[in-house]
Amino acid sequence: MIVEQRTYTAHPGQVPAFLKLVETEGLPIQRRHLGAPLGYFQAESGELNRVVHLWLYESATDRDSRRAALATDPDWVSFVPKVLPLLVRMESVILHPTPFSAIGNKRMTEE
């Protein structure tokens with residue numbers, strides 16, 4: 001099991017527009033391919049204008065196949081140019097849950 005943490009930094013003042021566009025258009029497309037996000041968060045302190053979302057996958061292979069399907073979905077291809085102008089930076093980090101985290105880690109606990 002892995003968690004992908006995606007962090008998007010928006011232009012100042014653009015987080016509300018970004019979140020509205022994601023909620024109304026982007027998330028329904030993502031759910032078709034990625035399932036429901038583990039979490040979707042807006043920064044209130046530290047570096048501002050950031051949105052962090054977490055996605056749970058069975059493995060890196062599972063992630064790769066789901067993301068590939070998303071990338072070729074015509075609805076997603078049409079959606080991406082709408083959000084890119086709102087963003088300054090995008091970052092993706094793959095996380096491996098520890099056995100004692102709330103979601104655990106099958107791979108680590110089976111070893």
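Close Cβ contacts (under 6 Å, 6 or more residues apart or on different chains) running from residues in the range 61-85 that are closer than 18 Å to L19 by Cα to residues that are surrounded by 11 or more Cβ atoms within 10 Å (Cβ to Cβ) and modelled with pLDDT under 95 are absent. Here D73 fits the description: at pLDDT 95 or above, of a type outside the set (S, T, Y) and touching a helix residue (DSSP H, G or I) at 6+ places or on another chain (Cβ under 7 Å).
Is it the case that some residue within the range 78-86 is in contact with a strand residue (DSSP E or B) (Cβ under 8 Å, 6 or more places away or on another chain) and either at pLDDT below 95 or surrounded by 11 or more Cβ atoms within 10 Å (Cβ to Cβ) (or both)? Yes, that holds for at least one residue. Does L48 fit the bill of being modelled with pLDDT under 95, outside any helix (DSSP H, G or I) and surrounded by 12 or more Cβ atoms within 10 Å (Cβ to Cβ)? Criteria met by L48.
With respect to being hydrophobic (A, V, I, L, M, F, W, C) and not in a helix (DSSP H, G or I), V3 fits the description.
If you go through the range 14-41 and keep only what is farther than 18 Å from I103 by Cα, surrounded by 15 or more Cβ atoms within 10 Å (Cβ to Cβ) and not small (G, A, S), you end up with Q14, V15, F18, L19, L21, V22, E25, L27, I29, Q30, H33. Take the residues in the range 51-70 that are assigned to a helix (DSSP H, G or I) and in contact with a helix residue (DSSP H, G or I) (Cβ under 6 Å, 6 or more places away or on another chain); name whichever of them is surrounded by the most Cβ atoms within 10 Å (Cβ to Cβ). Checking each candidate, the answer is R66. Is it the case, given these coordinates, that E44 is within 29 Å of P12 (Cβ to Cβ) and acidic (D, E)? Criteria met by E44.
Scanning the range 87-105 for residues that are β-branched (V, I, T) and at pLDDT 95 or above returns V88, V93, I94.
The values are calculated or read from the model by the stated rules, or taken from the named source; none is laboratory data. Every value quoted in this text rests on a predicted model; they were computed, and no experiment measured them. Every residue, glycine among them, receives a Cβ derived from its backbone with ideal geometry; neighbour counts consider all protein chains shown.
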